[in-house]
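*Asks:* Sharing a structure with you now.
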Amino acid sequence: MTKKWELSALYANDVDQADKYANKYGTNQTFFDLADFFKNGNFDTVFIASPNGEHFSHIKQAIEADKNVIVQPPAVTNPAEFSKVEKLLLDHPRVLFFEGAYPIHMPNFKNIEAAVGKMAMVQGGNFCINA
C-alpha cells in the first residue's frame with residue numbers, strides 16, 4: 001500500500017506457486033534452493049512465512065547472510081531458539097529482526113475474541129487464523 005517495498009526475489013519450493021507470485025508482484029528473480037536465495041538474491045529484507053517449525057532455520061540463514069528479517073508469528077518455537085537468534089543478531093549488528101503481528105483486524109480474529117470472551121476460564125490455547 002505504501003509503495004515503499006517491492007518484491008525483488010522470491011523463494012518457493014513449488015514452481016507453480018513461485019510463478020504465480022512472481023507474475024503477480026513483478027519479479028523475475030525466483031529461487032528453488034534456499035541457500036542460493038540467501039546468497040544470490042537481490043534483496044535486503046526477507047519476509048519468512050514458512051511453517052513454524054522451519055522458522056528458526058530460515059531466520060538463522062537470513063541473519064548469517066546479513067538480511068533483515070520479518071517473520072510471521074510465532075518467530076520461533078521455544079526460548080532456546082530465541083536465545084540463538086539473539087546471539088546471531090549480536091554477531092550481525094546491522095541486521096534488523098521483526099516478528100509480525102497477528103492480524104487483529106481480521107474477521108476470524110474477532111470471532112475468536114468473541115468466543116473466548118464468553119468462556120469462564122482459559123488455561124491455554126493455540127489458534128490458527130486463516131483469512
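*Asks:* List, please: which pairs have Cβ atoms under 6 Å, are six or more places apart or on different chains, and start with a residue in region 55-71 that is over 11 Å from LEU89 (Cβ atoms) and end with one that is open to solvent by 20 Å² or more (accessible area, probe 1.4 Å) and aliphatic (A, V, I, L, M)?
*Replies:* Short answer, once both residue conditions are applied: HIS55/VAL76; PHE56/VAL76.
*Asks:* Could we say that VAL95 is in a loop (DSSP other than H, G, I, E, B), surrounded by 13 or more Cβ atoms within 10 Å (Cβ to Cβ) and modelled with pLDDT of 95 or more here?
*Replies:* Criteria met by VAL95.
*Asks:* Counting only residues that are among the acidic types (Asp, Glu) and part of a helix (DSSP H, G or I), which one in region 49-87 is nearest to the chain's Cα centre (by Cα)?
*Replies:* The residue in question is GLU54.
*Asks:* Looking only at region 98-114, which residues are part of a helix (DSSP H, G or I) and of a type outside the set (A, V, I, L, M)?
*Replies:* Across region 98-114, the qualifying residues are PRO107, ASN108, PHE109, LYS110, ASN111, GLU113.
*Asks:* Filter region 30-57 for residues that are in contact with a strand residue (DSSP E or B) (Cβ under 7 Å, 6 or more places away or on another chain) and more than 16 Å from LEU96 (Cβ to Cβ); which is most open to solvent (accessible area, probe 1.4 Å)?
*Replies:* Ranking the candidates gives THR30 first.
The values are calculated or read from the model by the stated rules, or taken from the named source; none is laboratory data. These numbers come from a predicted model, not from an experiment. Glycine gets a Cβ as well: all are built from the backbone with ideal geometry, and neighbour counts include every protein chain shown. Remember, those area values only see protein heavy atoms, side chains included, never the ligands or the DNA or RNA. Shrake-Rupley method; radii C 1.70, N 1.55, O 1.52, S 1.80 Å.
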